[in-house]
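Beneath this line is the structure, given in structure tokens, with notes to follow.
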Amino acid sequence: MWLKQEKSLVDGLAALARMSKEVLNSSEASRHFRRSRSPRRCSFATVCACGVLLVGAGLIALAIQSASETGRGPEPASLPQLLQVIPSSVAGIPFERLNLLCAIGLCATNRPDLNECAATLRSWAKQVQSETQRHQYRYDRNPTEFENSPGFYRMLMLSVVLAEDYGVHYDPQRRAGPAASRIDDGFFNDPASVFVHGLLGPERKGTCSSLPVLYVALGRHLGYPLKLVTTKGHLFVRWEGAGERFNIEATGHGLNRFDDEYYRHWPFDLSPGEEEAEGYLKSLTPAEELAVFLSIRGMCLRDQGRLPEAAESFAAAARLAPACHGYRKMLASLETDLSKQSLKTGARTARN
């Protein structure tokens, strides 16, 4: 269908060009006589013809764009719709939408509003762009202040705007050190602290599960080559493109750059085997990014005691990122817990 639409639109553009040529040819005689009196003045027919051609070309371009968007189809509006998308098509869905759809249904209150969150991100991106341009003279005057890195300068400005203009901050109740971290420490019991809508809402608070997501979402709105990266128990941001590659730690005070070796030991020591088995320290593909968000959803559901739904989330994550062993391990653990629950329920029913 799209090919037929494109062919008809191209044919229309060709017909419009022929019509404009005919109008120009019909005014050739009048231009010949006017040339001696006003050699630099375009004829009225010429102006009209050019105007018709430009307006027509603009309308056809808009029609082609509309047809292209129609061919892509609507963006998924729910998690079930999202999970029906084939992995290779995930890249066509806005990054922040992937995250927000995974947060829907986790909490009766503070449900993410997709349209409102998208509008907030667009507004914040404009502010970051404005401030980055306004302070560009500082980089131009003394690039060594920003490690001679245009990318680092841009990310530093993004960080400053988020902190100073919008009050974005790490949730102090979840700033426990690695030594205090446990699988049952309640880190995932508040979805707003681990998904990006908590940062876009009135409290503006988040964690290492959501702050890097906000940085990547805003950066991609601005055309920055940002990637999401995992290490053991942590997410961070990577600038990878435009002649630069560096990691960005978005959860501390200010903005920091660390090499890959740093994340092999923080927040937890990472063995070479774990790095290989889990795909740590690699820039994630869009499908792998979605898998991360589904795993966060699964942990929230697990903390809420909704084990069947948690298992479904980890199963979906494992399908999207089959090379990550951790998703399969968590799925197996949840299935074991569900089996034990079923046995206990069966035993109680038998006694009654």
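Distance between the C-alpha centres of the stretch 111-175 and the stretch 237-265: 15 Å, rounded to the whole angstrom.
Only Cα pairs under 8 Å and 6+ residues apart enter the sum, and on that basis the relative contact order of the stretch 205-258 stands at 28 percent. Using the Cα gyration tensor of the stretch 146-284, with a ≥ b ≥ c the square roots of its eigenvalues, what is the shape: rounded (a/c below 1.5), prolate (a/b larger than b/c) or oblate (neither)? It is oblate, given that a/c is not under 1.5 and a/b is not larger than b/c. Shown in residue order for the stretch 334-341 are the 3J(HN,Hα) couplings computed by the Karplus curve 6.51 cos²θ - 1.76 cosθ + 1.60 at θ = phi - 60°: 5, 5, 5, 4, 5, 5, 5, 4 Hz (x for Gly and Pro). Which FRET efficiency value, to the nearest 0.05, is calculated for Glu116 and Arg348 with the Förster distance at 45 angstrom and r the Cβ-Cβ distance? In this case the efficiency is close to 0.50. Full extension of the chain between Arg306 and Asp184 yields a length gain of 42.5 nm, computed as 0.36 nm times the residue separation minus the alpha carbon distance. Sorting 131-141, 152-162 by average packing, meaning the other beta carbons within 10 Å per residue, from highest down gives 152-162, 131-141. The distance between label points at Ser88 and Asp259 comes to 3.8 nm (points 7 Å beyond Cα on the Cα→Cβ vector). The H on the amide N of His234, modeled in the peptide plane, is under 5 Å from the matching H of no residue at least 5 residues off or on a different chain.
Read-outs: derived from the displayed coordinates by stated rules, not from any lab. Model, not experiment: these values are computed from the prediction. Every residue, glycine as well, gets a Cβ built from its backbone with ideal geometry; the counts of neighbours run over all protein chains shown.
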